[in-house]
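In what follows, a single structure is set out as structure tokens and then discussed.
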Amino acid sequence: YDVLSDPSKRAIYDKYGEQGLSRLGSAPDIAGLSELAGAAATTTVVFGLGTLGLIILLIFLSFLCVKIEDRVEWHWAAVFIPAYILCLILTLFAFGGILFAVRGLIPKRWNQQDLPPPPIDYLSRISSLLSLVALVGMVAFTILVSVGLEKREDGDAVDWWKYFIPLFVGEGLWLLATLVGAPRTRDVLMRQGLMTVSSANIIGLVLISVITKCCRIAVSFLICARVTGDITVSWWVVFIPFYVWYGNAVIGSAYLASVRRASSQDLPPDQQPSPCSSFFSSMISMGLPLASVLMIAAKIEGNGMPLEECFIPIFIVIGSGICLCCCLSVVVMAVSKTMADDVAAATEQAEEQQGQQQDATGNGADDQPYRSKAVDGYANGAQSKPADALSGQPLNLRID
């Protein structure tokens, strides 16, 4: 009855029979395929920008090494050119994100009929806005540092506390963004598939994030105070917040893995996250930057090793990131091309089915071999059942 009462489906059945209806039922989801293809293309762009950013960072650290070791006589503005390029990319991203976040805070007119407007997630929007403004502060700090180093090289006095103000503001805004977004932590975890997370686990994850931000603020203040001469402690002491940050990050990675494992008990054991593997992998991946910090502290304290040797662990991390982003970009590009081909094939199939439907609808009764005239009246909503042509009695028809 559902088929015969629908004019379009009935026309396809009259023309092509059950095979035509089966092809109509198996029509591909073109919108879904297009959305997946678009997501794959966006991911490719993200990996491409990530690769570009890591390459620029690698060039900047190389310039920094040769400048500090007095192998070149460049101005600090020339040394920071890669950093300026990276800052320009981050600034464009930050301002675009700020406009998007501000636009999301303004209620919009809902065009759907009889539906209330979607609720605005103010906490998430405000948290994102604070993070993006903090990113702008970090960009300003990078530019001011290059200016301060240039003035110091010329013999002028530099008040580093003023130059560090954007860094302090940025780190403070990141801490504030973490606190503002804390009530939304459960929703974020649920979007990641973690449906059974206790309040204690959420508090633990937020606390780990807060400790990370506090360590960054503390090390920024200690570095500025040590550079200006307000404190005379050893650089090993100045970097103590960084050591705390490292331990907190390693423990936090294992803790997050344990939360994921507790929320995935229905999965096979080999597919559940392992806190031990997360602990050791984080210890190795984050231990390389820690090794660089320790070697830099040793160099400042009088060790004669070149700065490029201090940066070797960081170079290893950056090189691994570049290789990983390149490989993932190739994989995602291949997947995106496959999805684009699927979208094209699905569109062609849908157009073919639409043509068959229009062809079937436009033909008369003489060219409809599958048409069942005995059920015409019943399918069209007649009050009485169609009668048998010989006996004149109503037919007891059942159309499933």
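Here are some notes:
- Matching entry among 101, 140 (being closer than 24 Å to residue 49 by Cα and at pLDDT 65 or above): 140
- If you go through segment 120-134 and keep only what is open to solvent by 30 Å² or more (accessible area, probe 1.4 Å) and assigned to a helix (DSSP H, G or I), you end up with 122, 123, 124, 125, 126, 128, 129, 130, 131, 133.
- Residues that are in contact (Cβ under 8 Å) with a residue 24 or more places away in the chain, open to solvent by 40 Å² or more (accessible area, probe 1.4 Å) and assigned to a loop (DSSP other than H, G, I, E, B) within segment 58-84 comprise 69, 75, listed in sequence order.
- Scanning segment 274-310 for residues that are buried (at least 18 other Cβ atoms within 10 Å of the Cβ) and farther than 23 Å from residue 212 by Cβ yields a total of 1.
- Single unsatisfied condition, residue 225 versus (1) in contact with a Leu (Cβ under 7 Å, 6 or more places away or on another chain); (2) of a type outside the set (D, E, K, R); (3) modelled with pLDDT of 90 or more; (4) farther than 26 Å from residue 316 by Cα: (1)
- Lone unmet requirement of (1) crowded, with 19+ Cβ neighbours inside 10 Å; (2) in contact (Cβ under 8 Å) with a residue 40 or more places away in the chain; (3) under 30 Å from residue 68 (Cα atoms) for residue 170: (2)
- A search for C-beta distances below 6 Å between a residue of segment 224-246 that is over 11 Å from residue 161 (Cα atoms) and any residue that is modelled with pLDDT under 90 and part of a loop (DSSP other than H, G, I, E, B), counting only pairs 6+ apart in sequence or on different chains, returns 235/301.
- Among the residues of segment 85-96, those identified as open to solvent by less than 80 Å² (accessible area, probe 1.4 Å) and among the β-branched types (Val, Ile, Thr) are 89, 91.
- Within segment 214-230, being of a type outside the set (A, V, I, L, M, F, W, C) and open to solvent by 30 Å² or more (accessible area, probe 1.4 Å) holds for 216, 226, 228, 229, 230.
- Single unsatisfied condition, residue 157 versus (1) outside any helix (DSSP H, G or I); (2) under 14 Å from residue 256 (Cβ atoms): (2)
- Within segment 266-282, tally of residues that are acidic (Asp, Glu) and either at pLDDT 75 or above or within 19 Å of residue 248 (Cα to Cα) (or both): 0
- Residue 196 vs. criteria among the hydroxyl-bearing types (Ser, Thr, Tyr), open to solvent by less than 70 Å² (accessible area, probe 1.4 Å) and either more than 20 Å from the chain's Cα centre (by Cα) or modelled with pLDDT under 90 (or both): no
The values are calculated or read from the model by the stated rules, or taken from the named source; none is laboratory data. As the structure is a computational prediction, the values presented were derived from the model and not from experiment. Because the Cβ atoms are built from the backbone with ideal geometry, glycine has one as well, and the counts that use them run over all protein chains shown. The area values use the complete protein model at the heavy-atom level, side chains included, leaving out ligands, DNA and RNA. Shrake-Rupley method; radii C 1.70, N 1.55, O 1.52, S 1.80 Å.
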